[in-house]
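Below is one structure, written out as structure tokens; comments come after it.
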Amino acid sequence: MVAQQLVNGLFLGAVYALFAIGYTLVFGVLDILNLAHAAIFMLAAFATWSLIGAGVPLALAAPIAIGGAGLLGIVLDRIAFAPLRRRGAPNLIPLISSIGMAIIFGAIARGIYGPDERQFTLGFLQAPPLHAGPLTFTIVQLVILANAIVFMLGLAWVMRSTALGRAIRAVAEDRIAAALLGIDLERTIAATFFIASALGGLAGILTALQYNSVQVDMGAQIELKGLAVIVLGGMGSITGAVIGGFVIGMVETLAVVFGLSEWRDAISYGVMFLILILRPTGLFGKRTLRTA
Amino acid sequence: MKRPAPYALALALACALIPAAVVGPSPAATTKGPAAGKTVKIGVIADVTGSAAVYGVQQKDAYDLANDDLKSGLLDAGGANLSFDVEDSASDGSQVANLFQKFTTDGSALILGPTLSGEARKGDPIAVLAKTAVVGTSTTADGITALGPCVYRVSLSEAQVVPATVARTKAVWKYKTAAIIYGDDNAFTKTDGDIFKTQLAKAGVTIVDTETFHVGDKDFAASLTKIKAAKPDVIVLGALAEEAEKIIQQAATLGIKTHMMGGNGLNSTKIYDYAGPAAVGVVVGAAWSINGNYTGNASFVQRFKKKYGVEPDQFGAQAYAAAQLSAQLVKDGKASKDEMCAALHDLRVAQTVLGPIAFDPSRDVKAAPVILQIVKGGFAYFH
């Protein structure tokens, strides 16, 4: 049973990690929380569902929706963040602005799709489960894990080995210095929003496929989990978001194993608090110097 | 091109209308009751948006259908100008309270709703203070009618449904052990889990595992893996449809073939739509059957499906039953909020799509539960 539970935790953690990377990327670059990230997560799932309903195969529908999510991220930045950035608004204002955009996106989705849960009619979602010794899992779960790993490694490569990644890291480190070095701030920020939102969209599509469920409110729970993950992993740290995602997924699963299902969420946040007491910047967060 | 003669158009129109007249429902004759000519507004509070919208939309649709039926004469309010004013509580407790404030001060004769038991605990006391009667249509948790002397419900409570469900399934399945999985953050699912626990213990069944979840959860793999290891004879679901369908589907994925059962929350065709063959055989203790042969039920189902393109579920049926009850009260001449509470108290019987209903001294509905089993594409009676 424990081996199966660890596999359960692994699958859960993969989606948390993928979702949280988007949060942490934007936070790392702009020092703000984009609370419309969960709405993009939801809209990408609906877009995929609509495209499949229109006869587009999943292999094409998912990339289109992911690309659409990325572009929506750029639109989000242009509407909700860029004007405030230009006026030097304090960090709380864009946070509220992103909540407003999340509500607008939710209202649009509810107006189009209504409150009911939508399901995919894809044959492979009904495929019988696979067995490996004592372990049981589905093809969808394997697809999710593989996608999560590939995209996380891909992002790591982009951040480490490409000019764009270096630009993003430079802007995250010091925006003014990056601008002085000739980095186009607005383009870099737009690229960050594109990548973050595309990954959020991917997480939304994978979650929708895993539970065969697309709903307007589907982002509500993962939004809070995503926040816990990035705080645990260290605000702005991509490695932290990945590790934090898997830690939260495992902790939730193990809470059930130990007969504490009613305390599951409390335990997850308890672990988060414990780590913050030991490491106030999270597992991989950078220490910040307070200046007078 | 030659234009068709007017009489040809008239003939074509008549030919088109004749079949509609033959197959369409024939309006019942509207009687002239003591409230004839009076305007009676009834306030309806339903979660049309938000997390409970999956139930509230069915309720709103049922009241909209009832408004249509009042106009067409299919629902008889004795010549009174009765209407149901549906407002969206958005699955938000504060909005529920606001709407109770509104309906207790805007001349509404009666309040129907809200959707959830937890919401009723917030809103009903406002109606009690304002001496406005409330009829719940989907509030099934313990203690709802105890909130006030004019708080009624047409929904069978879990305390009424679960004992019959346990008795019938135990007689057929002859189980000795059970595992329970229920939502611990929702008044309905918590009540469901608690009552199942009590009734199973009374029936001599050993509970080998108890798992909880939160409403909105999607991943039940960890809890189900633990339940599987405990090897129960039956698994009890204290859940609403959205979580139940995922629990059933994920249990099948994990190779769990144990009997499953639940209460009112599982009485939704969505369960089969989502979980497919995995849901076949699940037993549901409920207040209403789509196949029930009560007067007007088949017609209600047919009209609902025609208007909205989906079948009504229990939430829709119970809402329509409340509309029928309201129409009967108005037809009997009760047009003000002062008259409604006494009329509900004195009600002998009302014919509804749930069957004939009345209220017991604690203001809970008196009706027989139905024990259903999910079959391919729907429900059948469980024997």
Check segment B:339-362 and report whether any residue there is closer than 30 Å to A:GLU117 by Cα, touching a Leu at 6+ places or on another chain (Cβ under 8 Å) and in a helix (DSSP H, G or I).
no
Answer yes if at least one residue in segment B:84-101 is farther than 26 Å from A:VAL216 by Cβ and of a type in the set (D, E, K, R), and no otherwise.
no
Restricted to segment B:291-314, and to residues that are in contact with a strand residue (DSSP E or B) (Cβ under 9 Å, 6 or more places away or on another chain) and either surrounded by 15 or more Cβ atoms within 10 Å (Cβ to Cβ) or charged (D, E, K, R) (or both), which residue is nearest to B:HIS383 (Cα to Cα)?
B:GLY292
For segment B:129-143, check the following and say yes or no: at least one residue is surrounded by fewer than 24 Cβ atoms within 10 Å (Cβ to Cβ), farther than 23 Å from B:LEU82 by Cβ and without any contact (Cβ under 8 Å) to a residue 40 or more places away in the chain.
yes
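Out of all the residues in segment A:161-178, is one or more in a helix (DSSP H, G or I), among the acidic types (Asp, Glu) and away from chain B (no Cβ under 14 Å)? It would help to see each step written out before you state the result.
If we filter segment A:161-178 for residues that are in a helix (DSSP H, G or I), which is where we start, we get A:161, A:163-173, A:175-178.
After this cut, where a residue has to be among the acidic types (Asp, Glu) as well, the list is A:173.
Still in the running and away from chain B (no Cβ under 14 Å): A:173.
Yes, there is a match, as at least one residue in segment A:161-178 is in a helix (DSSP H, G or I), among the acidic types (Asp, Glu) and away from chain B (no Cβ under 14 Å).
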Taking segment B:29-50 as the search range and keeping residues that are closer than 17 Å to B:ASP64 by Cα and assigned to a loop (DSSP other than H, G, I, E, B), which one is modelled with the lowest pLDDT?
B:THR49
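The rows are residues; the columns are (1) closer than 23 Å to A:MET218 by Cβ; (2) of a type in the set (Lys, Arg); (3) assigned to a helix (DSSP H, G or I); (4) more than 14 Å from chain B (Cβ to nearest Cβ).
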{"residue": "A:GLN5", "(1), (2), (3), (4)": "no, no, yes, no"}
{"residue": "A:GLY9", "(1), (2), (3), (4)": "yes, no, yes, no"}
{"residue": "A:GLY13", "(1), (2), (3), (4)": "yes, no, yes, no"}
{"residue": "A:PHE46", "(1), (2), (3), (4)": "yes, no, yes, yes"}
{"residue": "A:ILE64", "(1), (2), (3), (4)": "yes, no, yes, yes"}
{"residue": "A:PRO90", "(1), (2), (3), (4)": "no, no, no, yes"}
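Let's see how each residue does on (1) modelled with pLDDT under 90; (2) touching a Cys at 6+ places or on another chain (Cβ under 8 Å); (3) assigned by TED's automatic domain parsing to the domain that holds B:TYR175:
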site	(1), (2), (3)
B:ALA221	no, no, yes
B:ALA230	no, no, yes
B:MET260	no, no, yes
B:ILE271	yes, no, yes
B:VAL301	no, no, no
Could you check segment A:255-268 and list, in sequence order, the residues that are at the interface with chain B (Cβ under 9 Å from one of its Cβ atoms), part of a helix (DSSP H, G or I) and among the small types (Gly, Ala, Ser)?
A:ALA255, A:SER261
Of (1) away from chain B (no Cβ under 14 Å); (2) under 27 Å from A:GLY233 (Cβ atoms), A:PHE19 fails just (1)
Given the residues A:LEU125, A:LEU135, which is the only one that is surrounded by 14 or more Cβ atoms within 10 Å (Cβ to Cβ) and either of a type outside the set (Phe, Trp, Tyr) or closer than 30 Å to B:ALA252 by Cβ (or both)?
A:LEU125
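Are any residues in segment A:207-254 within 14 Å of chain B (Cβ to nearest Cβ) and polar (S, T, N, Q), and if so, which ones?
A:THR207, A:GLN210, A:ASN212, A:SER213, A:GLN215, A:GLN221, A:THR253
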In segment B:208-230, which residues are more than 7 Å from chain A (Cβ to nearest Cβ) and within 18 Å of B:ALA278 (Cα to Cα)?
B:PHE220, B:LEU224, B:ILE227, B:LYS228
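A quick yes/no check of all residues on (1) away from every other protein chain (no Cβ under 13 Å); (2) surrounded by fewer than 24 Cβ atoms within 10 Å (Cβ to Cβ):
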site: B:GLN249; (1), (2): no, yes
site: B:GLY262; (1), (2): yes, no
site: B:ASP273; (1), (2): no, yes
site: B:GLY285; (1), (2): yes, no
site: B:SER289; (1), (2): yes, yes
Taking segment A:125-140 only, how many residues are closer than 18 Å to A:LEU12 by Cα and more than 9 Å from chain B (Cβ to nearest Cβ)?
5
Taking segment B:216-233 and keeping residues surrounded by fewer than 22 Cβ atoms within 10 Å (Cβ to Cβ) and in contact (Cβ under 8 Å) with a residue 40 or more places away in the chain leaves B:GLY216, B:ALA230, B:LYS231, B:ASP233
Quick test of your reading of the structure: A:ALA266 fulfils all but one of (1) at pLDDT below 90; (2) closer than 21 Å to A:LEU33 by Cα. Name the failing condition by number.
(2)
Exactly one of A:ILE103, A:ILE112, A:ILE108 is under 30 Å from B:ASP313 (Cα atoms), over 23 Å from the mean Cα position of the chain (by Cα) and not in a loop (DSSP other than H, G, I, E, B), and that one is A:ILE112
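So that you can scan it fast, the table gives a plain yes or no per residue for (1) on the phi < 0 side of the Ramachandran plot; (2) crowded, with 21+ Cβ neighbours inside 10 Å; (3) not aliphatic (A, V, I, L, M):
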{"site": "A:VAL56", "(1), (2), (3)": "yes, no, no"}
{"site": "A:ALA59", "(1), (2), (3)": "yes, no, no"}
{"site": "A:LEU71", "(1), (2), (3)": "yes, no, no"}
{"site": "A:ILE79", "(1), (2), (3)": "yes, no, no"}
{"site": "A:ARG85", "(1), (2), (3)": "yes, no, yes"}
{"site": "A:ALA102", "(1), (2), (3)": "yes, yes, no"}
{"site": "A:ALA107", "(1), (2), (3)": "yes, no, no"}
{"site": "A:GLU117", "(1), (2), (3)": "yes, yes, yes"}
If the Cβ limit is 7 Å and pairs must be 6+ apart or interchain, which residue in segment A:97-116 that is of a type in the set (Lys, Arg) pairs with which residue that is buried (at least 16 other Cβ atoms within 10 Å of the Cβ)?
A:ARG110/A:VAL216; A:ARG110/B:THR49
Can you tell me how many residues in segment B:160-207 are within 14 Å of another protein chain (Cβ to nearest Cβ) and either over 16 Å from B:LEU266 (Cβ atoms) or not aromatic (Phe, Trp, Tyr) (or both)?
13
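Pick from segment A:87-98 the residues that are polar (S, T, N, Q) and buried (at least 18 other Cβ atoms within 10 Å of the Cβ): which of them is nearest to A:ILE205 (Cα to Cα)?
Selected residue: A:SER98.
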Filter segment B:284-319 down to the residues that are over 9 Å from the mean Cα position of the chain (by Cα) and of a type in the set (Phe, Trp, Tyr) and list them by number.
B:TYR294, B:PHE300, B:PHE304, B:TYR308
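The values are calculated or read from the model by the stated rules, or taken from the named source; none is laboratory data. Nothing here was measured: the structure is a model prediction, and the numbers come from that model. Backbone-built Cβ (ideal geometry, glycine too); neighbour counts: all protein chains shown.
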